[in-house]
Amino acid sequence: MDNKAFTIALAGNPNSGKTSIFNKLTGARQSVGNYPGITVDRKEGHFRWKGKDVRVIDLPGTYSLTAGSPEELIARNVILDEKPDIVVNVIDASNLERNLYLTMQLMELGVNMILAMNMWDAVERRGLKTNLGKLEFLLGLPTVKTVGSKGKGITSLKDAVVGNRGVQTSSPWVKGASTPIKKAVSVLSAELACVNKQHCEWKAIKLLESDREVQKQEDESIVGFSVQLASKLETQRGISSGMLIARARYKYIEQLVKQVVVRTVSSRVSRSDRIDAIVTNRYVGIPIFLVMMYLVFSFTFTVGEPLMGYMEMLFKFIGNLVSGFWPSGSDSMLKALIVEGVIGGVGGVLVFLPNIFLLFLAIALLEDSGYMARVAFIMDGLMKKLGLHGKSFVPLLVGFGCTVPAILATRTLENRSDRFTTIMVAPLMSCGARFPIYMMIIPAFFPQAWRAPLVWIIYLVGILLSIVIARFLRKKVFKGEKTPFVMELPSYHIPTPVSILRHTWDNAGEYVKKAGTVILAISIILWVLSSFPRKTQFVTDYDLEINAVSESGLPAEVISDSIISLENTRQMEVFTHTVTGRLGRFLEPAMEPLGFDWRVTTALMAAIAAKEVFVSQMGVVFAVGEADEDSSTLREKLRENYTPLQGLAMMLFALISAPCAATIAATKKETESWKWAMIQLFGLTILAYIVTFVVYQVGLLVT
């Protein structure tokens, strides 16, 4: 091998530790983008070892290379089109049966390959005895023991890669397959025009599996011939040719594992099995999940509350510092734009960064430990009864971070009815953008002991509403047969600090990025709409009234309160003259039954752009024209102007109402129709109005 950079691709199942190995190989030398036209992440990095430059492509985690999902197709196309010099197949060595299925398909491609036998510590912990020498001999592939989470074996893997020890593969299972399959593959291969014999064999296998992507690339006569052969196999065996091929692969894998793995008595019941006996129990599994989520919110509030206070002090200090560059009492438009529009708007959102970070940290811990996979499993029975597919719970869990990737994640659902149902209810999961709204409102109105329970209740309300709506949609709108639920339960493991922090910062970083771009732009626009047209003439001469009060001889406290009242009245008159004020006043009669005045109404309208903008707009509204340089915090302003019942109504409406613009766009893209996007937009808004109306009016009667 010469000195020029060469490329390796990391392939493996989800939860095989592939990302840990990618991180250990490349360190900080990584870049993340999207594959052209697809929202699936493309991760690349590089490292230099023994004078050689190595480019590393981290392929999407996948169980197979059949073109059944974007991830599977991408992984396959990168190998076929970009032709990496070596494919490093990362295998969970403690679960060879499952992982070797992808290995078989990689071998069918005829690539140069090295096996990274990862999670070797789990093999030893479970008492498994795996003969790697025999595995190397039987597959004809070099293997390296690794523990990616701890960095063990990475040096040996680099040596193997740089030494170009990858071995070109072939399809080992075909030779041992039943005669009809072997003959069909052989006959079809002979009819194909390929680069080499191995490529012809791979194409033949894919055509017999009715792979649509490969069928598109072949002549109609070849496709027709492959369909005839597949039909003949199905007639002879009673099941589809695709299923026959899958069985042949698994039969070979079963025989292989029997020869290389010895299970000792101590390996029969693993630690994961003992934990699963409790957390996946049909009676206590769901209560345990609810308790776990309550602990997450309690942790977020308890640890995040003081940090949020420091953030408030920081932005208050910055606002006062910037204000100091202008003379006291200055009416500079630039000052108002910076202090009220930028610092008040963006700062009002960034104040909640500690809580967002802690929330994502807790969720990342649960995901990386393997617990969240169990949640999807235990929810399957309930989800089926309520109209959703068990796999739907995975996109809905993603929705706790952001609704857009949650909608994109529905691609893993095989049938249209399940996908569309999940897409329509995904916005009811409380995404990270709604969390700042809860963080703003709950501490303003409710004591410490009620804060975590209230967030927990709000999240549960979203989940319960999604279940009710999904049941209705599945029965009345998206009818169709239900597909079975199949999902891997990875072994439990202790997540590494680096992995947890990287996962957390990826999500929290998106929040900061949005605050510095989208929220900044929207805050400036909202400030302009909340400041113009400017009113200069008033029916009441407020300056004269203020002077009269000042010279009245009344007690100082009364004079101060009277002046503040006059200033607030003037500022309200100024604000209601602006575009935002007029629109808010126009819609106020319709929103009053929900407990919302014109200020809350304008903030809810602004939140259609992005949910966090609700906080930003409330900050702008209450900051406009502040006479007091040491103005109170936004939460204090809320406490002065609204009741706890109104605060609850705001949270409910923000939870249920129109999703953000990005979510609407994602729904349109995934359903390929504006019809469903608009039904989602207006349907959820109407539902929000009804639920909030009932809660607020009943609350008024009770209180």
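Just so it is clear, none of the values below were taken in a lab; they were calculated from the coordinates. What you see is a predicted model, and the numbers here were worked out from it, not measured in a lab. Here the Cβ is made from the backbone with ideal geometry for all residues, glycine too, and neighbour counts use every protein chain on show.
Side notes on the structure shown:
- Distance between the range 283-318 and the range 655-700 - C-alpha centres, whole angstrom: 27 Å
- Hits among lysines - C-alpha to C-alpha of Lys669 under 22 Å, sequence gap 8 or more where chains match: Lys391, Lys479, Lys514, Lys611
- Put simply, the convex hull of the Cα atoms in the range 173-268 casts, on average, a shadow of 7.8 nm².
- Length gained when the stretch Glu567-His46 is fully extended (0.36 nm per residue, less Cα-Cα span): 181.4 nm
- Dipole of the range 173-268, positive end: most advanced residue of Val223, Ile181, Ala193 [Cβ charges, Cα centre]: Ile181
- Evaluating 6.51 cos²θ - 1.76 cosθ + 1.60 at θ = phi - 60° for every residue in the range 396-403, the Karplus couplings come out as 5, 5, 4, x, 5, x, 7, 6 Hz, glycine and proline recorded as x.
- Normalised by the number of residues in the range 173-268, the average gap of Cα pairs under 8 Å and 6 or more apart makes the relative contact order 27 percent.
- In Hz, Karplus ³J(HN,Hα) per residue of the range 237-252 (6.51, -1.76, 1.60; θ = phi - 60°; x = Gly, Pro): 9, x, 9, 5, 5, x, 5, 4, 5, 4, 5, 5, 4, 5, 5, 5
- About the Cα centre, charge dipole magnitude for the range 535-577 (Lys/Arg +1, Asp/Glu -1 at Cβ), debye: 180 debye
- Spin-label model distance (nm) - Asn281 vs Arg585, 7 Å beyond Cα toward Cβ: 6.3 nm
- Counting only cysteine Cβ atoms and a cutoff under 4.7 Å, the chain contains unmatched residues Cys402, Cys431, Cys660.
- Neighbour-limited loop hits for GluC sites (Glu not before Pro), the range 536-594 (at most 10 other Cβ within 10 Å; DSSP other than H, G, I, E, B): Glu551
- Evaluated at q = 0.18, 0.26, 0.27 Å⁻¹, a Debye calculation over the C-alpha positions of the range 535-577 (equal weights, vacuum) places log10 I(q)/I(0) at -0.52, -0.88, -0.92.
- Segment Thr536-Glu124, extension gain: residue separation times 0.36 nm, minus the distance between their alpha carbons: 140.4 nm
- Note: relative contact order over the chain, using C-alpha pairs below 8 Å and six or more positions apart, is 11 percent.
- Alpha-carbon centroids, the range 416-440 and the range 525-558: separation in whole Å: 43 Å
- Rounded to 5, the percent of DSSP beta bridges in the chain classed as antiparallel: 50 percent
- Three semi-axes of the equivalent ellipsoid, the range 6-169, Cα gyration tensor, whole Å, largest first: 22, 18, 16
- Close amide H pairs (under 5 Å, H built 1.01 Å from N) link Tyr492 with Ser272, residues at least 5 positions away or on another chain.
- For the range 501-628: rounded, prolate or oblate by the Cα gyration tensor [a/c cutoff 1.5]: prolate
- The label-point distance for Trp674 and Ile318, in a model that sets each label 7 Å from Cα toward Cβ, rounds to 3.9 nm.
- Stretched out straight at 0.36 nm per residue, the stretch from Trp505 to Glu234 would grow longer than its current Cα-Cα span by 92.5 nm.
- Given Lys182/Lys251; Lys18/Lys43; Lys52/Lys145; Lys24/Lys152; Lys183/Lys232; Lys152/Lys258, the pairs whose alpha carbons are separated by over 19 Å: Lys52/Lys145; Lys152/Lys258
- Charge dipole (the range 75-139, unit charges on Cβ, about Cα centre) - positive-most of Ile86, Gly127, Met113: Gly127
- Sorted peptide list for 13-25, 143-155, 667-679, criterion being average Cβ within 10 angstrom, highest first: 13-25, 143-155, 667-679
- √(5λ) per eigenvalue of the Cα gyration tensor, the chain, largest first, Å: 58, 27, 24
- Proportion of all alpha-carbon pairs of the range 318-383 beyond 15 Å (%): 68 percent
- Cβ-placed point charges (K, R +1; D, E -1), dipole of the chain about Cα centre in debye, nearest 20: 3720 debye
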